[in-house]
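Got a structure for you, written out below as structure tokens; questions coming shortly.
The values are calculated or read from the model by the stated rules, or taken from the named source; none is laboratory data. Please read these numbers as outputs of a predicted model, since none were measured by experiment. Every residue, glycine as well, gets a Cβ built from its backbone with ideal geometry; the counts of neighbours run over all protein chains shown.
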Amino acid sequence: MSDQSDGGRPLATRFLTYYALGYLVLIGLMGLFVDRAMRRALADEMEQRLEATARLASDNLPAEGSDLQAWATWVFQSTGLRITLIETGGVVLADSHSDPAVMESHATRPEVLEALQGETGVSRRVSVSTGFEQIYLALPPEEGVITRVSQPTRTVEAELGEVRISVLVVAALVGLLGMAVVAFLARRLAGPIEELTNQSVMAAGGSPEVSPRRSSVRELDQLGLAISDLARDLSRRLAESEEASETLEVVLGALPQGTILVDRDDQVIYANPSAYGLLGAVPDQLQGLSPFQFQGAVRGARETREPIVRVVDHGNPLRRLRAVATPFSEDERVLLVVVDITERERVDAIRRDFVANASHELKTPVSTIIASAEALQIAIGRGDSSMESFARQIEDSARQLDRMVGDLLDLSRLERENPEMARVRLDQVINDEVQRIAQVVADKRISVDVDAPPLTVAANHRDLATAVRNLLENAARYTDEAGRITVTARAGDGEAVLTVEDTGEGIPSRDLDRVFERFYRVDSARARATGGTGLGLAIVKHVAESHGGSVAVESELGVGSRFTVRLPLADSGEGSSPS
């Protein structure tokens, strides 16, 4: 639980505090009411006692005036009340506490004035003779004498004090009893509430096993059932959320695109493995992100609420990275997606170059055919003997065009299809392809030496034959008359090593890295003259790599060139070689 909840007071203490405050206020108000009521009741009772005593005294006045003083003293001793006899003129005839001779006239006393008017006069004041507050009651005169009795108010206060003590004792006992009852009820109520609190904490922790215990309070039972239902629902939602989070983590982790999530405070809160692979490092703060242009993209997307794209060069070796910063619609988070477009741009460039080169290469024989055809028509019209020469030019250009189209189709097929592997005898393929170029090398008096023992490789027969054919044709094309071509095949380290070596003019060192590019020729004029398309070595490289092998070239100007192809040997479990 939080520190704030730990610092609060228990429920029982709160109930007792509220009860004590409420009880004190209630008892205080009741005390004031009871005190006033008791005071009024005691005062009324005293007045009734004074009036009864005064009437009794008035009815039993002595006949002789000389006996009045003694009689007043006797009445005081009998009743404890002061008695004064006053004539209608205000002269004090007798008093139980003072000498009437020294007493002043009482004609102006309020109670005497009311008595002279025929009413029972009552007043309260401090007595001049006794110095205490007194209650005075005077009866209307009988036979010219007003009978007045009085009593100190402290008598009322004394009786009221006894009543107050009794009330306080009863109030204290009732208060203590009430506190005991409240404490018992609070503890009985706090137990189920504490248990519900613990169950709520368990539910917040994701525990679905929350079984509320029945209590005597229906509302608490309903709350317990609601907490139990909430715990199960929360557990289910947590499980679904965790599953969705794990799924999202796996999906984002498997993406080749770098994915970085930045919050409103420029804190990097997520980055998938691809982001580290593309950028090298992903900092915790946006300000440390490299390249710097990506920081501007994130901030710009947050400000404009529109996706922003940046393409930059980054890393060593240099790579082309494209980043898209997309803001979230409901807050200021930004998702940065980084893609390595180096290969795509390279492929696009190759495709553009290929189209341009193919168009250029095809244009040459087509132009030759068109020009030769026009010249042939003119020669035919004139009956010129050059017709045969123009016809041969058309045929040679058409054959070159056919070879180029064939090579383009082969290259397109190799790039489009995955080769179906089988056990292929490399030595047989070499011998077959040597036979195919037999007439070409015979015309140029080129000797071909083959040293290929039986070797079985895992390859596609058609593709392998195409590669070997292109290597042999390339060697024959660039080897002068009376030259030599040497073909060898050896096995080593699980590979079959095919070598085609010629005694041609060789390749300049600056061109060695480019001879396997499409349409690249070391000597374009000679290549076209000998029927080269510029695609043969590109086909050889593609076949070697698609079979899990490689191709390399070594050359020296004026000495010749050696092309080496490495292919994996076939396992014993491979299928049989095609015929």
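Pick out the one residue from Arg425, Arg399 that is within 30 Å of Asp463 (Cβ to Cβ), surrounded by fewer than 14 Cβ atoms within 10 Å (Cβ to Cβ) and at pLDDT 70 or above.
Result of the check over Arg425, Arg399: Arg399.
Residues that are surrounded by 19 or more Cβ atoms within 10 Å (Cβ to Cβ): find the strands (runs of 3 or more DSSP E) completely inside region 85-155 holding 2 or more of those.
92-95, 133-138, 145-152
Look at Ser235 and say whether it is more than 30 Å from Val311 (Cβ to Cβ) and either small (Gly, Ala, Ser) or modelled with pLDDT under 85 (or both).
So Ser235 fits the description; yes.
Where in region 230-326 are the strands (runs of 3 or more DSSP E), entirely inside, with at least 3 residues that are under 23 Å from the mean Cα position of the chain (by Cα) and surrounded by 15 or more Cβ atoms within 10 Å (Cβ to Cβ)?
258-262, 268-271
Cβ-Cβ below 7 Å, separation at least six or inter-chain, first residue in region 321-343 and on the phi < 0 side of the Ramachandran plot, second among the basic types (Lys, Arg) and not in a strand (DSSP E or B): which pairs?
Hits for this filter: Pro327/Arg302; Pro327/Arg305; Asp331/Arg264; Glu332/Arg264; Glu332/Arg302; Arg333/Arg264; Val334/Arg302.
Next question. Could you check Asp67 against (1) at pLDDT 85 or above; (2) assigned to a helix (DSSP H, G or I); (3) loosely packed, with under 15 Cβ neighbours inside 10 Å and say which number it fails?
Condition not satisfied by Asp67: (1).
Could you identify the single residue in Ser447, Ser509 that is at pLDDT 90 or above, polar (S, T, N, Q) and surrounded by fewer than 17 Cβ atoms within 10 Å (Cβ to Cβ)?
Ser447
Also, quick follow-up: Among the residues of region 116-126, is there at least one that is touching a strand residue (DSSP E or B) at 6+ places or on another chain (Cβ under 7 Å) and aliphatic (A, V, I, L, M)?
Yes, region 116-126 has at least one match.
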